[in-house]
Amino acid sequence: MFWTWDHSTEWALNRAGAQTLGASNYYGRRPETFIEDYTRLLQWCGKHHIDAVVVWGLLRDIHGGVESAKRLCDVAAKNGVRLLCGVGLNAYGGVYYEGNSPYSLEKHLEAHPELYGFDQAGNKMAFNFGLLGQKITHHACPSRGENQQFAADSLRWLFTQLPQIGGVQMETGDTGICRCKTCRERRTHPENEASLSWDDMALMYPIAAKAIRSVSPDALIVCETYSNPEPSPDPKKPQGFGENKAAWADECLAKFPEKVFVQWVGDSLSKPKNSVAWTDAGKVSNAPRSNIIRAHYSTYWMGQRGEIAVDWIADLAQKSTAHGMEGLSIFGEVSPFVAGAELNYLALENLGSASNPKASLEIFFRDVADPLLGGKKRGKQFLQLARTFGDGPRVADALKEIYPLCAKLPPDAARRWTWLANSLSSSVCTAG
Ligand SMILES: [Zn+2]
């Protein structure tokens, strides 16, 4: 699966306005570019066995609202790819991410201010969450029946308006939880100071899945947990984004709807971080729910956007398979013109396929990367040289190796090495 925000997705080249990082940013490209970006992306996924693409910000007035989403659902269906709408249930905008729609969470809360979430001090939960420029995020109180109804109505509307949409990836919010009296009394687990709540997930996901399935019984539903699947050793401490699952997570997971994909965060369990040992206690069961794991490779969230990450993806694929995961999700925002991103996407295809059941990096190099990079052992060489990024003397040596190679190789292979040379020289450039 590919995961994307609309504002950072840049597959149509030489068009203005893409952002390179963020969540919940403004949209800066033209409406027609939104269609072009995702058309290319979906066509590529269709050719390369990527099963689904998550789009956060799918519905915005500024890039054509429902009409644009419909066009992309058609493209996805034609290419055999499931287009999934990113949906925030208590935060992250609701179904209609931005604009003048009754299904925008922001509009809903502005019209009914009593339905907001409230912090410990009793303040309405509407605060700046902008990473690039200001963006106010609006939180709903999940305990309020009106908000549960709003989420269910919005989802039924989404699947009625877009009958070809493949499903949703939904979240309850990880930017703080409502601390009104009803929420505090409802939650049965210690969640003081928590940024996310397993109790809220267990409350909202069944309501949402029921609404979706009432219109679209076959929809693919992915439920975010914001956690890695390794149990926390602390029986009382709530965990933050990407940390071990809370001690009470399994109790809440048992209340999740059946036949959904439970989504986990893989960054700490795999290279390059490897900060958490993934033990047998972190194995997942695929009955009655499936499991998928997502990581932030090749993004500014944890490195360089577009950098090659094939060995890290292989590491996650191997560990995930051994621990019961059925799906892998990586960012798909960068065009495969960027050779690092291209190799990552092809690695996801190859390492997650039956032709490479052990997710062997050697097989990926031999069958996929080497031919694209000019021949035997070139894949490994490319990866090794890419890792000199930012290291002046080693970059200088790498460039001495790459430039003569470019002259000898056919154009497409040379283009990929040229990208690497430019990327490395930019990392140590002192011009300007
Ligand atoms: Zn509340």
Considering the range 172-203 alone, what residues qualify as being within 13 Å of the ligand (Cβ to nearest atom), closer than 21 Å to Tyr92 by Cα and not in a helix (DSSP H, G or I)? Thr172, Gly173, Gly176, Ile177, Cys178, Arg179, Cys180, Glu191, Ser197
Run down Ser101, Ser143 and say which single residue is in contact (Cβ under 8 Å) with a residue 24 or more places away in the chain, part of a loop (DSSP other than H, G, I, E, B) and within 13 Å of the ligand (Cβ to nearest atom). Ser143
So, Leu109, is that one assigned to a helix (DSSP H, G or I) and either within 14 Å of the ligand (Cβ to nearest atom) or hydrophobic (A, V, I, L, M, F, W, C) (or both) or not? yes
Give the range 348-375 a look and list any residue that's within 20 Å of Pro336 (Cβ to Cβ) and among the β-branched types (Val, Ile, Thr), or say none. Val368
Could you run through the range 177-195 and say how many residues are modelled with pLDDT of 95 or more and either of a type in the set (A, V, I, L, M) or touching a Gly at 6+ places or on another chain (Cβ under 9 Å) (or both)? 5
Qualifying residue in the range 298-310 (condition: touching a helix residue (DSSP H, G or I) at 6+ places or on another chain (Cβ under 6 Å), outside any loop (DSSP other than H, G, I, E, B) and more than 30 Å from Ala421 (Cα to Cα)): no
Here is a list: Glu342, Glu362. Which entry is at pLDDT 95 or above and under 22 Å from Leu13 (Cα atoms)? Glu342
Of the residues in the range 375-432, how many are of a type in the set (S, T, N, Q) and buried (at least 17 other Cβ atoms within 10 Å of the Cβ)? 4
Could you list all residues from the range 112-140 that are within 16 Å of the ligand (Cβ to nearest atom), out of contact with any His (no Cβ under 8 Å at 6 or more places or on another chain) and in a loop (DSSP other than H, G, I, E, B)? His112, Asp119, Gln120, Ala121, Gly122, Asn123, His139
From Ala347, Ala386, Ala396, residue being touching a residue at least 60 places away in the same chain (Cβ under 8 Å) and of a type in the set (A, V, I, L, M): Ala386
Output the number of residues of the range 38-51 satisfying the condition of being of a type in the set (Phe, Trp, Tyr) and surrounded by 21 or more Cβ atoms within 10 Å (Cβ to Cβ). 1
Where residues in the range 146-169 are farther than 15 Å from Ala23 by Cβ and within 19 Å of the chain's Cα centre (by Cα), which of them is nearest to the ligand (Cβ to nearest atom)? Val168
Step by step: first the residues of the range 11-37, then only those that are within 23 Å of Gly166 (Cα to Cα) and within 15 Å of the chain's Cα centre (by Cα), then the one that is surrounded by the most Cβ atoms within 10 Å (Cβ to Cβ). Which residue is that? Ser24
Name the residues in the range 216-236 that are surrounded by fewer than 16 Cβ atoms within 10 Å (Cβ to Cβ) and in contact (Cβ under 8 Å) with a residue 40 or more places away in the chain, would you? Lys236
Among the residues of the range 222-245, is there at least one that is assigned by TED's automatic domain parsing to the domain that holds Asn90, in a helix (DSSP H, G or I) and away from the ligand (no atom under 16 Å from the Cβ)? no
crowded, with 18+ Cβ neighbours inside 10 Å and either under 18 Å from Tyr27 (Cα atoms) or free of Cβ contacts under 8 Å to residues at least 12 places away in the same chain (or both): is that true of Gly130 in this structure? no
Within the range 253-265, is there a residue that is in a helix (DSSP H, G or I) and either closer than 15 Å to Gly88 by Cα or assigned by TED's automatic domain parsing to the domain that holds Leu162 (or both)? yes
Please tell me if Ser268 is closer than 20 Å to Ile330 by Cα, assigned by TED's automatic domain parsing to the domain that holds Val53, in a loop (DSSP other than H, G, I, E, B) and modelled with pLDDT of 95 or more. no
Here the residues within the range 28-50 that are part of a helix (DSSP H, G or I) and under 19 Å from Ala347 (Cβ atoms) are Leu41, Trp44, Cys45, Gly46, Lys47
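The values are calculated or read from the model by the stated rules, or taken from the named source; none is laboratory data. Note that the structure is predicted; figures quoted are calculated from it, not measured. With ideal geometry, Cβ positions are generated from the backbone for all residues, glycine too; neighbour counts draw on all protein chains shown.
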